[in-house]
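J.: Got a structure here, written out as structure tokens. Questions coming.
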Amino acid sequence: MPLFHFGNCLALACGPILLTYKYSGLFLPLWVGARGIEFDWKYIQMSLDSNVALVHHLSVAMLIWLRTRNDLSKSYIPLINVLLILCCYRPLILEVLVHAFGLGTWIHLLSRFLFTILVGLPTLQLYLSLPNNN
């Protein structure tokens, strides 16, 4: 029984991490691209873009979770709503910026990163301001 318990604990501890790296695209484009004969920056860009998308999705999930909380101060609700609306319109906002200014792919990636930071840091601050229920 202890060996079964150890295997179960190991699977529950490592399984989500392995699934996250396998299905989020953090490692696959870099590995597949690096195995080729010729190096190309697009694989590095795809990996960085996957990391930005992962942080953005975590921010959106946290904002939705914060919006459903009952113990959150009512003064935070408008900020959460604005951040959620920005998250919903992120592709439109960034595409308008790219086409209006003719930005390249690396600048587009940088703008996605800055937009994710713009949403992610206030979300983290809202999460840290929750009352402790210890």
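J.: If LEU124 passes every condition in (1) more than 20 Å from LEU48 (Cα to Cα); (2) at pLDDT 90 or above; (3) more than 14 Å from the chain's Cα centre (by Cα) but one, which one does it miss?
T.: Exception for LEU124: condition (3).
J.: Given the conditions (1) open to solvent by less than 70 Å² (accessible area, probe 1.4 Å); (2) in contact (Cβ under 8 Å) with a residue 24 or more places away in the chain, report the number of the one that LEU103 does not fulfil.
T.: (2)
J.: Under 9 Å between Cβ atoms, which residue pairs at least 6 apart in sequence (or on different chains) link something in the range 115-134 that is open to solvent by less than 30 Å² (accessible area, probe 1.4 Å) with a partner that is of a type in the set (Ser, Thr, Tyr) and part of a helix (DSSP H, G or I)?
T.: Listed by first residue and then by second, the contacts come to THR116/SER59; VAL119/SER59; GLY120/SER59; THR123/SER59; LEU126/TYR76.
J.: Go through the range 56-90 and report how many residues are more than 25 Å from PHE113 (Cα to Cα) and either of a type in the set (Asp, Glu) or open to solvent by 70 Å² or more (accessible area, probe 1.4 Å) (or both).
T.: Pass one, the range 56-90, residues more than 25 Å from PHE113 (Cα to Cα): 68-75.
Now drop any that are not either of a type in the set (Asp, Glu) or open to solvent by 70 Å² or more (accessible area, probe 1.4 Å) (or both), which leaves 68, 70-71, 74-75.
Final tally of qualifying residues: 5.
The values are calculated or read from the model by the stated rules, or taken from the named source; none is laboratory data. Please read all numbers here as calculations on a predicted model, not as lab measurements. So basically every Cβ, Gly included, is an ideal-geometry build from the backbone, and we count neighbours across all protein chains shown. Ligands, DNA and RNA are stripped out before the accessible areas are found, and what is left, the full protein with its side chains, is counted by its heavy atoms. Shrake-Rupley method; radii C 1.70, N 1.55, O 1.52, S 1.80 Å.
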